[in-house]
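**Student:** Have a look at this one before I ask anything.
The values are calculated or read from the model by the stated rules, or taken from the named source; none is laboratory data. Here the structure is a predicted model, which means the values were calculated and not measured. Every residue, glycine among them, receives a Cβ derived from its backbone with ideal geometry; neighbour counts consider all protein chains shown.
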Amino acid sequence: MELHAALDWRYAVRAFSPETLDQQSVESLIEATRKSASSYGLQPYRLIVIESEAVRRVLLAHSFGQQKVLECSHLVVLAAHTDIGDHTVDRYVEQVMKVRGIPYGDIAGYARHMKDALARKTSREKREWAHQQAYIALGTLLTSAALLRIDSCPMTGFDRPAYDEVLGLAELGLETSAIVALGYRSPADEHARLTKVRFDDRDMVIRM
Ligand SMILES: Cc1cc2nc3c(=O)[nH]c(=O)nc-3n(C[C@H](O)[C@H](O)[C@H](O)COP(=O)(O)O)c2cc1C
């Protein structure tokens, strides 16, 4: 029941209160997001947590007038890796060996399989694939935030190349996927009172 109460409570916040989130809550949310699932476990993305008002003020100019970029407590940018290839697999394999304490031989076959699967994709498909993985993290973040009673608003209404430029993402081999404003809803936000609109079960779910 806690899950449904949280999902009913959450909505895409349009106006945030000036209150800031405590650091522990933010870290707990980021930790939950870091646990997100991804294809082969490769996690081809980074999470950028922006508290700096100065940075957000610059980003606001590229956010199609969405003041919440500045008014929220923290802004999270989900950024996908732009260069996907064998090194994506090698990086993950090293982490598996370290975390699980296993030799390369135990994972060599799986590494080959992952590299072959990625090599079959065009460069455009690889980029799209990386963004898809970032979007799974976005879903994890939104649900986790609701469970932690942190308000949020996912956003793609911004100038992506400008965000990449301001945040220096090209140098990091990244490009922006989506952003999420975090904080507490303003009591004046009318959207909090709107009934959630979702398609009915029969129109959404196909059971067979
Ligand atoms: C990928 C994505 C991008 C979105 N972009 C914006 C945005 O730029 N600005 C905004 O106010 N809401 C944005 N939203 C919020 C949606 O409009 C909102 O989730 C949807 O209307 C459903 O309402 P609810 O989340 O309040 O239940 C976005 C949501 C998603 C998932």
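**Student:** Just give me the residues in segment 143-201 being assigned to a helix (DSSP H, G or I) and either modelled with pLDDT under 95 or in contact with a strand residue (DSSP E or B) (Cβ under 8 Å, 6 or more places away or on another chain) (or both), in sequence order.
**Tutor:** Result: ALA145, ALA146, ARG160, TYR163, ASP164, LEU172, HIS191, ALA192.
**Student:** Would you check if LEU59 is buried (at least 17 other Cβ atoms within 10 Å of the Cβ) and either under 30 Å from ALA145 (Cα atoms) or under 18 Å from the mean Cα position of the chain (by Cα) (or both)?
**Tutor:** Answer is yes for this residue.
**Student:** Would you confirm whether or not segment 72-91 contains a residue that is among the aliphatic types (A, V, I, L, M) and without any contact (Cβ under 8 Å) to a residue 40 or more places away in the chain?
**Tutor:** no
**Student:** Next up: Cβ-Cβ under 7 Å, sequence separation 6+ or interchain: first residue in segment 165-182 and farther than 10 Å from ALA80 by Cβ, partner β-branched (Val, Ile, Thr) and in a strand (DSSP E or B). Which pairs?
**Tutor:** Close Cβ pairs (under 7 Å, with a partner that is β-branched (Val, Ile, Thr) and in a strand (DSSP E or B)) amount to LEU167/ILE48; LEU167/VAL77; ILE179/VAL76; ILE179/VAL77; VAL180/VAL76; LEU182/VAL76.
**Student:** All but one of (1) exposed (fewer than 12 other Cβ atoms within 10 Å of the Cβ); (2) under 13 Å from the mean Cα position of the chain (by Cα); (3) of a type in the set (Val, Ile, Thr) hold for THR143, so report the exception by its number.
**Tutor:** (1)
**Student:** Taking the criterion of being outside any helix (DSSP H, G or I) and in contact (Cβ under 8 Å) with a residue 40 or more places away in the chain, would at least one residue in segment 117-132 satisfy it?
**Tutor:** no
**Student:** Another one. Could you list, in sequence order, the residues of segment 20-38 that are within 15 Å of the chain's Cα centre (by Cα) and either polar (S, T, N, Q) or more than 13 Å from LEU78 (Cα to Cα) (or both)?
**Tutor:** Matches in segment 20-38: VAL26, GLU27, SER28, LEU29, GLU31, ALA32, THR33, LYS35, SER36, ALA37, SER38.
**Student:** Follow-up question, since we're still on this one. Quick one: in segment 170-208, of everything that is among the charged types (D, E, K, R) and in contact with a helix residue (DSSP H, G or I) (Cβ under 8 Å, 6 or more places away or on another chain), which residue is farthest from the ligand (Cβ to nearest atom)?
**Tutor:** GLU175
**Student:** While we're on this one: Of the numbered conditions (1) in contact with a helix residue (DSSP H, G or I) (Cβ under 9 Å, 6 or more places away or on another chain); (2) surrounded by 12 or more Cβ atoms within 10 Å (Cβ to Cβ), ARG91 satisfies every one except a single condition; which is it?
**Tutor:** Unmet condition: (1).
**Student:** Tell me which residues, restricted to segment 151-162, are more than 11 Å from the ligand (Cβ to nearest atom) and under 15 Å from the mean Cα position of the chain (by Cα).
**Tutor:** Result: ARG160, single match.
**Student:** Any idea how many residues of segment 1-45 are farther than 18 Å from CYS153 by Cα and touching a Cys at 6+ places or on another chain (Cβ under 7 Å)?
**Tutor:** Summing the residues that are farther than 18 Å from CYS153 by Cα and touching a Cys at 6+ places or on another chain (Cβ under 7 Å) in segment 1-45 gives 0.
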